[in-house]
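Worksheet: the structure to be examined is printed underneath.
The values are calculated or read from the model by the stated rules, or taken from the named source; none is laboratory data. Remember, it's a predicted structure, so these values are computed and weren't measured experimentally. Ideal geometry is used to build each Cβ from the backbone, glycine not excepted, and the neighbour counts take in all protein chains shown. When the accessible area is computed, the model is the full protein with side chains, heavy atoms only, and any ligands, DNA or RNA have been set aside. Shrake-Rupley method; radii C 1.70, N 1.55, O 1.52, S 1.80 Å.
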Amino acid sequence: HGLDVIGYHLVNLLIHLINSLLIYWFVNLIFITLDSGGGYKSLFHNHASIAALFTSLLFVTHPIQTQAVTYIVQRFASLATMFYLFSIIMYIKFRLTLDGGNKNCRGEKIGISPLTYYLLALLAAVLAMKTKEIAFTLPVMIALYEFLFFKGETKSRILYLAPFIFTMLIIPATLLYMGGVAMATRLATDMPRLDYLFTEFRVIITYIRLIFFPVDQNLDYDYPIYHSMFNPEVFLSFMALLISFITVTYFFYRYRKTLPVIRVIFFGTAWFFATLSVESSIIPIVDVIFEHRMYLPSLGIFLVISVLLIMIIDRCRQKLVEGTVFLSVIIISLVFTGITYSRNNLWNDEIVLWQDVVSKSPGKARGYINLASFYYDKRDYDSLIEA
């Protein structure tokens with residue numbers, strides 16, 4: 001469509017809606033696996049569809065997703081996420097089919113072979129790898145899912161996973177071919193790796209804050225670079241993240257047999273940290289923070305939130321509590337929808353968008369440069385000179 005962006009936005013929006021449906025399917029499959037394929041019995045297996053609904057609702061309405069959907073080039077993030085989700089879903093279907101679990105809602109057998117599911121999973125993994133580097137963690141998450149939720153002979157399971165592990169070579173090989181070692185290990189910056197890592201501890205806390213309190217969103221953050229692990233902000237951020245992960249891990253090992261749903265919480269936590277690791281670890285990227293980087297990782301947090309809400313419903317077993325939780329999720333989703341709508345309004349006008357950036361990042365040059373260029377397009381020379 002050339003410079004007519006309507007088609008681009010429609011496709012991006014369609015991908016986002018497909019992702020929300022894939023998440024609904026994925027979360028349902030997690031609980032099906034927990035009930036049957038893995039040999040564990042969920043304490044609230046009847047609430048699987050509710051957990052799936054909550055997770056997909058939070059994902060599809062949250063304003064932090066705006067940048068991945070509305071910023072056209074970040075189809076990289078949403079499309080890679082679509083292939084990522086489809087791959088792991090197809091792998092789960094493959095494993096369930098092997099265990100005789102390939103049935104429709106009426107309990108009738110579906111004539112799709114395990115090999116078909118497996119090949120679709122592998123194809124989607126390759127497509128994800130060729131779309132964006134965040135897909136590098138996909139084989140890790142499939143392996144984690146296999147050992148968390150399924151049972152079987154170790155040798156067979158390793159054979160199932162081996163082709164996916166080999167797909168991890170696609171991304172480094174592609175980057176080496178395109179730009180050599182430099183491009184494969186850093187992106188447009190000479191920032192020391194440890195400085196980037198220290199900064200990312202703070203950035204991850206900012207991402208989590210944006211999930212729970214999506215205020216002061218910014219297209220172009222002027223984020224400080226930290227040079228020491230012993231900077232109080234860095235150290236406290238690191239300890240907060242470490243304590244959170246250790247706590248979840250402790251509960252997982254303590255209750256994984258008596259409370260199998262803790263496996264889902266552990267998986268959601270691991271999903272968040274693993275899928276964020278490519279862009280928030282020791283591979284320096286010129287921009288230390290971008291909201292679209294939370295598109296895939298946010299699913300882990302939304303999954304954990306939804307499971308905890310369902311645990312409250314299951315524990316209380318009262319219609320009042322269930323209704324209160326439902327109403328709360330609907331209200332939160334409506335609030336998120338309103339914030340997302342408002343946030344999207346900024347993208348209707350490039351001058352308004354970059355004025356917002358300049359107001360929030362007054363010490364960063366890029367906002368003024370972009371604002372000035374759009375003033376030039378409109379022949380508003382006084383504003384251009386001021387910018």
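Structure above, values below:
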| item | result |
| --- | --- |
| Residue pairs, from the table Lys132/Lys378; Lys93/Lys319; Lys93/Lys257; Lys130/Lys378; Lys132/Lys364, whose Cα atoms sit over 32 Å apart | Lys132/Lys378; Lys93/Lys319; Lys130/Lys378 |
| Residues of type aspartates and glutamates that Lys155 reaches as a straight line, Cα spacing below 13 Å, ignoring anything fewer than 8 places off in the same chain | Glu146 |
| Rounded to the nearest 20 debye, dipole of region 273-387 from Cβ charges on Lys, Arg, Asp, Glu | 500 debye |
| Per residue accessible area of the chain, 1.4 Å probe, in Å² | 48 Å² |
| Helix 170-185 vs. the chain, principal-axis angle (Cα, 0 to 90°, nearest 10) | 30 degrees |
| Percent carbon-and-sulfur accessible area, region 281-352, ignoring ligands, DNA and RNA, probe 1.4 Å | 69 percent |
| Mean Cα-pair separation over length for the chain, i.e. relative contact order, pairs under 8 Å, 6 or more apart, % | 21 percent |
| Only Lys, Arg (+1) and Asp, Glu (-1) charged, at Cβ; the chain dipole about Cα centre in debye | 1800 debye |
| Per-q log10 I(q)/I(0), the chain, q = 0.12 Å⁻¹ (Debye; single scatterer per alpha-carbon; no solvent) | -1.03 |
| Cα-centre dipole for region 197-299 with unit charges at Cβ (Lys and Arg positive, Asp and Glu negative), debye to 20 | 840 debye |
| Fully extended contour minus Cα-Cα distance, from Phe230 to Leu123, at 0.36 nm per residue | 34.1 nm |
| Listed residues Ile225, Ala240, Phe198: farthest to the positive end of the dipole of region 195-247 (Cβ charges) | Ala240 |
| Overall form of region 195-260 per C-alpha gyration tensor (a/c, 1.5; a/b vs b/c) | oblate |
| For the chain, calculated [θ]222 nm from helices alone, where every DSSP H run of n ≥ 4 adds -39500 (n - 2.57) | -22500 deg cm²/dmol |
| Ordering of 15-25, 150-160, 59-69 by burial proxy (mean other Cβ atoms within 10 Å per residue, highest first) | 59-69, 15-25, 150-160 |
| Simple label model, 7 Å out from Cα along Cβ direction - Asn344 to Leu21, nm | 1.8 nm |
| Heavy atoms of Glu133: accessible area, 1.4 Å probe, square angstrom to 10 | 70 Å² |
| Estimated FRET transfer efficiency when R0 is 25 angstrom, pair Asp195-Ala365 (beta carbons, to 0.05) | 0.80 |
| Surface/4 estimate of mean projected area, convex hull on alpha-carbon atoms of region 116-223, nm² | 10.0 nm² |
| Rounded D (µm²/s) - region 269-312, Kirkwood Rh over Cα pairs, Stokes-Einstein at 25 °C, 0.890 mPa s | 214 µm²/s |
| Farthest positive-ward along the chain dipole, Cα basis, beta-carbon charges - from Thr97, Thr66, Asn28 | Thr97 |
| Per-selection Rg to Rh, region 285-387 - Cα, Kirkwood hydrodynamic radius | 1.21 |
| With Cα atoms, 0 to 90° folded angle of helix 6-32 axis to the chain main axis | 30 degrees |
